[in-house]
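To keep things clear, I will list the structure first and then write my remarks on it.
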Amino acid sequence: MSGPAVFLDRDGVLNRAIVRGGRPYAPTSLEETEILPAVRDALDRLKTAGYRLIVITNQPDVGRGHQRREVVEAINAALAAQLPLDEVRVCYHDDRDHCTCRKPAPGLLLQEPTPDLERSIVVGDRWRDIEAGRRARVRATILIDYEYDEPQRLEPDLRVRSLSEAVDWILHLGPASVR
């Protein structure tokens, strides 16, 4: 088992989600992908504190035939080139596939190498992220609350307005190397 990680949803946490009708969507192209303000600094602070940074993202539009896998991979590669990410884990399935990797299932968090989940944290912008973290029994779940027009099925351990706020709280918990 390796050390602790911060699991980060992609769209809405690292890059701007495209909001239509009050609901968030993934960017449809590399040109539409915009890293949110202060994300690089926030991730640098987590790396310095000893956390692995693992992106966990549902990309069901690939399974639905609305997006090409190559586009998703290009967006992920561009983010990884600009941000200090350790790994990107992607689920391309739709709910109807009943897979174990599509959040809210915890499969993306449980893939090998599995971090120390009891010391790891999930940061997301939707209920699926929070539930996946709960199911994996991580230390804490944090919701970046954009007040999307959708139900929040579970209450996170913390609600914040930005990744920087989430990182302030995570670092206040103490070093990643200490439980």
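Quick notes on this one:
- Nearest 10 degrees, 0 to 90: helix 127-136 Cα axis against the chain principal axis: 50 degrees
- Take the Kirkwood radius over Cα pairs of the chain, plug it into Stokes-Einstein at 20 °C and 1.002 mPa s, and you get 133 µm²/s for translational diffusion.
- Taking Cα atoms only, the orientation of helix 69-82 departs from the longest principal axis of the chain by about 30 degrees.
- Of D157, D145, D11, the one that fluctuates the most in a GNM where the chain has Cα springs shorter than 10 Å: D157
- Other residues within the sphere of radius under 14 Å centred on the Cβ of P113, judged by their own Cβ, net out at -2 (K and R +1, D and E -1).
- Of the residues A132, L163, Q67, the one whose Cα sits farthest towards the positive end of the charge dipole of the range 5-172 is A132 (charges of +1 on Lys and Arg Cβ, -1 on Asp and Glu Cβ, taken about the Cα centre).
- Nearest-ten-degree value, helix 163-172 long axis tilted from longest Cα axis of the chain: 20 degrees
- Residues whose placed amide H lies under 5 Å from that of V88, excluding near-sequence neighbours: V55
- Dipole of the range 5-172, positive end: most advanced residue of L46, G12, C99 [Cβ charges, Cα centre]: C99
- Exposure proxy for E155, E73, E131, E112: other Cβ atoms within 10 Å of each Cβ, ordered fewest to most, give E112, E155, E73, E131.
- Only Lys, Arg, Asp and Glu carry charge here, each on its Cβ (+1 for the first two, -1 for the last two); on that basis the chain has a dipole of about 380 debye about its Cα centre.
- Within the chain, the cysteines lacking any other cysteine Cβ closer than 4.7 Å to their own Cβ are C99.
- Dividing the summed -39500 (n - 2.57) terms of all DSSP H runs of n ≥ 4 by the residue count of the chain sets its mean residue ellipticity at 222 nm at -8000 deg cm²/dmol.
Read-outs: derived from the displayed coordinates by stated rules, not from any lab. Quick caveat, the model's predicted, so the values are computed rather than measured. Because the Cβ atoms are built from the backbone with ideal geometry, glycine has one as well, and the counts that use them run over all protein chains shown.
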